[in-house]
Protein chains: 2
Amino acid sequence: MFIQIQPHSDTPIYIQLTQQIIEGIVNKDIEPGESLPSVRTLAADLGVNMHTVNKSYHELEKKGLITIIPKSGAIVNVPRKMGNANAEQLDYMEKMLRPVVAEGIVQGLGMNDFEKLIKRLMKTLY
Amino acid sequence: MFIQIQPHSDTPIYIQLTQQIIEGIVNKDIEPGESLPSVRTLAADLGVNMHTVNKSYHELEKKGLITIIPKSGAIVNVPRKMGNANAEQLDYMEKMLRPVVAEGIVQGLGMNDFEKLIKRLMKTLY
DNA sequence: CAATCTGTTCTACTTGAATTATAACAAATT
DNA sequence: AATTTGTTATAATTCAAGTAGAACAGATTG
């Protein structure tokens, strides 16, 4: 797989995993309808515990990105079309962005800088 | 002061503090040259430990936002002019933004959505 | 100058999250 | 029938976060 874990990072392993799987979905390394590896398999591949992977999968399910079928496996959901996020999702993203934007401003970034960064990231990720 | 701590949040107290002080600086509740309250005073006000506030202040110093004068106090630095962030700062912000943007994309946000959110946040914060 | 306030440093303790480690179970798959 | 699946439960370890108290030395203040 495309995932690399830094065991001694200050961001928890299950969050690193969640973020990288999200990038994998965005980047279409994993296509909608595909199954994720079983928690045991992925755990063995990454050298981490089964429960850590399980926790990550449930995070992804909370975010609506995968569906966990009990006793069977985890399947990547069909992604939303671009630009049709609902109000709830926009609120959620605003809360995520707020401290990042505040820090950006205080670091001297202007609207242009934010636009460039996001455009670049969208190209890189998408 | 303008700070409100949620003791049982999943984001650590010292990070809540750091973020809110950053917003205070951006929002000019605290002007450049002003002193922050002493670690003991602020800790007493917020009902948290001295060392927690101290940790937050040192985070702010790492970010270049305040200057801690040993045995004296902490002073808010003159902020950078808008739109003249250097390459290092842009790299740093790109790393901060990356997981947020990835999650935004997967939640259905398009470039327009990001622009609107950031414009709104900049108005709110600045 | 004396008293107070400052950040600093140190030790110690508690709490809880994160992670690992097994084990067992029942449903699904092969 | 055997294996694989996610689920659940228990237990242990590790470490960050937070609290607590004390002592120190420089800075500030009256």
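The values are calculated or read from the model by the stated rules, or taken from the named source; none is laboratory data. From a predicted model like this one, the values you see are computed outputs, not experimental measurements. Every residue, glycine as well, gets a Cβ built from its backbone with ideal geometry; the counts of neighbours run over all protein chains shown. SASA here: full protein model, heavy atoms, side chains in, ligands and nucleic acids out. Shrake-Rupley method; radii C 1.70, N 1.55, O 1.52, S 1.80 Å.
Points worth noting:
- Spin-label pair B:K123/A:E34, simplified geometry with 7 Å Cα→Cβ offset, distance in nm: 4.1 nm
- The P(r) of segment A:13-76 has a tail past 14 Å containing 52 percent of all C-alpha pairs.
- Residues B:D10, B:D91, A:D45, sorted by accessible area with the largest first, give B:D10, A:D45, B:D91 [1.4 Å probe; ligands and nucleic acids excluded].
- 30 Å Cα-Cα threshold exceeded, pairs from A:K28/B:K62; B:K55/B:K116; A:K81/B:K28; B:K28/B:K95; A:K28/A:K55: A:K28/B:K62; B:K55/B:K116; A:K81/B:K28
- Residue mean of other protein chain beta carbons inside 10 Å, B:78-86: 4
- Debye intensity ratio in log₁₀ form over the Cα atoms of chain B, taken at each q of 0.18 Å⁻¹: -1.13
- Environment charge of A:I25, counting only residues whose C-beta is closer than 15 Å and scoring Lys/Arg +1, Asp/Glu -1: -1
- Exposure of A:I69 as accessible area (Å², to 10), given a probe of 1.4 Å and all protein chains: 70 Å²
- In terms of overall dimensions, the protein assembly as shown has a Cα radius of gyration and Dmax of 20.3, 62 angstrom.
- In percent, rounded to a whole number, the relative contact order of chain B is 23, using alpha-carbon pairs under 8 Å and six or more apart.
- Approximate spin-label separation A:I69-B:M82, in nm, with each point projected 7 Å along Cα-to-Cβ: 5.2 nm
- Placing +1 on the Cβ of every Lys and Arg and -1 on the Cβ of every Asp and Glu, with no other charges, gives the protein assembly as shown a dipole of roughly 180 debye about its Cα centre.
- Along the axis of the charge dipole computed for segment B:13-76 (Cβ charges of +1 for Lys and Arg, -1 for Asp and Glu, origin at the Cα centre), the listed residues B:S35, B:T52, B:I21 are led at the positive end by B:T52.
- Buried solvent-accessible surface, both chains (B, A), 1.4 Å probe, Å² to nearest 100: 4900 Å²
- Based on alpha carbons, the Rg and Dmax found for segment B:69-117 are 16.6, 51 Å.
- Build a GNM of chain A with springs between Cα atoms under 10 Å apart, and of A:S35, A:S56, A:S72 the one that fluctuates most is A:S72.
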